[in-house]
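These notes concern the structure reproduced below.
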Protein chains: 2
Amino acid sequence: MNYLLGFLLFLSLFSISSAHEKFDSHLLPRPLILEYTETLETQLKQLDEDQQLRCTSWRFAVEANNLSPWKTIPSECVDYVKDYMMRKGYSVDLEMVYKEAGTYARSIELVGDGKDVWVFDVDETLLSNLPYYADHGYGLEVFDSHEFDKWVEKAIAPAIESSLKLYEEVQGLGFKVFLLTGRSERQRSVTVENLKNAGFQNWDKLVLRALEDHGKTATIYKSEKRSEMVNEGYRILGNSGDQWSDLLGSTVSKRSFKLPNPMYYIP
Amino acid sequence: MNYLLGFLLFLSLFSISSAHEKFDSHLLPRPLILEYTETLETQLKQLDEDQQLRCTSWRFAVEANNLSPWKTIPSECVDYVKDYMMRKGYSVDLEMVYKEAGTYARSIELVGDGKDVWVFDVDETLLSNLPYYADHGYGLEVFDSHEFDKWVEKAIAPAIESSLKLYEEVQGLGFKVFLLTGRSERQRSVTVENLKNAGFQNWDKLVLRALEDHGKTATIYKSEKRSEMVNEGYRILGNSGDQWSDLLGSTVSKRSFKLPNPMYYIP
């Protein structure tokens, strides 16, 4: 958008200067310049608004699970996604999901036999990789697993604060907390380290992808793992995840909570 | 919001006049007034932005299926929802869903045995009840089935244009088109009349709630009907609906498309 703006401003200089030349003899340059500037501003505002609408529409399509698998965000929406993630939009949305999930968690009566479970995904659910994505175009760059793994190894991803609140709240209510992540079993120790550094404590299970799970879609892998939990007698009452593949498939939770994530898609 | 604005402007008159009185002797009334006005404007803009963010967040929560059943839209979001429905937001979102659904429909190879099906919901999917809701607070009023039935009897709900395009496109591709609506069997003839008036033709099934379906949630009723279709040998490849209860449950479609609807919720 910045480029487009620049280009249009550049063009506008031409319109103004040529208009200027043409009407020079009439000695009316000032009102003319003002007029052109206003029209241009209106046009730019319109362009901005339309792009804003298209990017909002795209984000809705992501959150409503309407899109086919996508590899990168639309290039016209880079500034939009950056603005959403870095200013208030993302945190307001996270807070809204937290409130709904918390209200639900408090509303259900647990059996209390240690089999009531809340499942959490890890990346973009408990931990935020926003510092990584801020350095990689907020989803505009194609995912580079090698680069991302280097970031994971650092174990410095901060907590998503609203999720930490929910995590502690459901633990306090008596839920078992199971973490179900697409990360590899090889990353167990850095994941544990990172979770602890970020303030997460006393989870009851941390399930990572074993060798045989590689190559499975997240939907299949996570459905299988939830199914194993249920076969062990657990009741999955809540499930928080930023991807639809955390929430859909088989053996779905009684209620699921979709956290916002306009930066990437995992099938 | 208008009331709030009025109230704040009202308050601001007080602040200005009392500030005026206080500093009267200093002979600095003008800059003081300007200063207060600017601060007020900034504050009002901020309030507006925050409310906009909260209502956008609420709409996302609706579309991502994060909310418990709700009866009316939040009162602070009336202007927001009206603006969304009546200006560009809604139509841009509809167009986006249409594009995704169309691309998907064209991408799949049909068996061609007359068993490939696309399921459409009716209200807020094929037909728009926006004229009714515009007269009833865009979802702020609690749903009044008696009033709504009077509107349905008129059979004048316009087509949602993007859905009519998709409808005709999937028919052209060779899909059977099944309409699955929560409307009552008693409303069959007005529904047929309205659909035809709005330009919909040659559907292959129109399923309405029979006597025994009343009292079932839409999720249960529609799942049962989809299950009957599959038991008859049909393959449900696409499903378009504005409610999650059109799309979730059992025997779900290969792909589902959630049309936007921030005005009401059907469980």
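Annotations for the structure displayed:
- Here A:Leu195 qualifies as more than 14 Å from chain B (Cβ to nearest Cβ) and not in a loop (DSSP other than H, G, I, E, B).
Let's see how each residue does on (1) on the phi > 0 side of the Ramachandran plot; (2) in a loop (DSSP other than H, G, I, E, B); (3) in contact with a Ser or Thr (Cβ under 8 Å, 6 or more places away or on another chain); (4) not β-branched (Val, Ile, Thr):
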position: A:Phe178; (1), (2), (3), (4): no, no, no, yes
position: A:Thr191; (1), (2), (3), (4): no, no, yes, no
position: A:Asn202; (1), (2), (3), (4): yes, yes, no, yes
position: A:Gly215; (1), (2), (3), (4): yes, yes, no, yes
position: A:Lys225; (1), (2), (3), (4): no, no, no, yes
position: A:Asp246; (1), (2), (3), (4): no, no, yes, yes
position: A:Phe257; (1), (2), (3), (4): no, no, yes, yes
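- Residue in segment A:105-121 that is among the small types (Gly, Ala, Ser), touching a Leu at 6+ places or on another chain (Cβ under 8 Å) and under 28 Å from A:Met229 (Cβ atoms) present: yes
- Identity of the residue in segment A:39-59, touching a residue at least 24 places away in the same chain (Cβ under 8 Å) and among the polar types (S, T, N, Q), that ends up nearest to the other protein chains (Cβ to nearest Cβ): A:Thr56
- When residues in segment B:169-212 are screened for being of a type in the set (Lys, Arg) and in contact (Cβ under 8 Å) with a residue 24 or more places away in the chain, 4 of them pass.
- Note on segment A:155-188: residues that are among the hydrophobic types (A, V, I, L, M, F, W, C), under 30 Å from A:Gly233 (Cβ atoms) and over 19 Å from the mean Cα position of the chain (by Cα) amount to 5.
- If you go through segment B:226-267 and keep only what is free of Cβ contacts under 8 Å to residues at least 12 places away in the same chain and surrounded by fewer than 21 Cβ atoms within 10 Å (Cβ to Cβ), you end up with B:Glu228, B:Asn231, B:Glu232.
- Residue satisfying all of: in segment B:86-108; part of a helix (DSSP H, G or I) and in contact with a Gly (Cβ under 9 Å, 6 or more places away or on another chain); surrounded by the most Cβ atoms within 10 Å (Cβ to Cβ) among these: B:Ala101
- Scanning segment B:181-189 turns up at least one residue that is part of a helix (DSSP H, G or I), more than 14 Å from chain A (Cβ to nearest Cβ) and of a type in the set (Ser, Thr, Tyr).
- Any hit, segment A:140-154, residues being within 16 Å of the chain's Cα centre (by Cα), among the acidic types (Asp, Glu) and not in a helix (DSSP H, G or I): yes
- For segment A:160-176, filtering for residues that are of a type in the set (Lys, Arg) and in a helix (DSSP H, G or I) leaves 1.
- A count restricted to segment A:240-267 and to residues that are under 21 Å from A:Thr56 (Cβ atoms) and either touching a Gly at 6+ places or on another chain (Cβ under 7 Å) or within 12 Å of another protein chain (Cβ to nearest Cβ) (or both) stands at 10.
- Test: residue in segment A:117-124 that is under 19 Å from B:Ala61 (Cα atoms), among the acidic types (Asp, Glu), touching a helix residue (DSSP H, G or I) at 6+ places or on another chain (Cβ under 8 Å) and not in a helix (DSSP H, G or I): yes
- First in segment B:60-86 and within 14 Å of chain A (Cβ to nearest Cβ), second anywhere and assigned to a loop (DSSP other than H, G, I, E, B) and of a type in the set (Phe, Trp, Tyr), Cβ under 7 Å, 6 or more apart: B:Pro69/B:Tyr265; B:Trp70/B:Tyr265
- Test result for B:Thr219, under 24 Å from the mean Cα position of the chain (by Cα) and in a helix (DSSP H, G or I): yes
- When segment B:87-116 is filtered for residues that are of a type in the set (Lys, Arg) and either in contact with a strand residue (DSSP E or B) (Cβ under 7 Å, 6 or more places away or on another chain) or within 11 Å of chain A (Cβ to nearest Cβ) (or both), the ones remaining, listed by number, are B:Arg87, B:Lys88, B:Lys99, B:Lys115.
- Residue match in segment B:194-208 (condition: closer than 26 Å to B:Lys71 by Cβ and in contact with an Asp or Glu (Cβ under 6 Å, 6 or more places away or on another chain)): yes
- Qualifying residue in segment A:218-239 (condition: of a type in the set (Gly, Ala, Ser), away from chain B (no Cβ under 14 Å) and under 21 Å from A:Gln171 (Cβ atoms)): yes
- When B:Ala157 is tested against (1) of a type in the set (A, V, I, L, M, F, W, C); (2) crowded, with 18+ Cβ neighbours inside 10 Å; (3) assigned to a helix (DSSP H, G or I), only condition (3) is not met.
A short reminder: the numbers here are calculations on the coordinates, not readings from a lab. Everything quoted here is computed from the prediction, not taken from an experiment. Neighbour counts run over all protein chains shown; Cβ positions are idealised from the backbone, glycine included.
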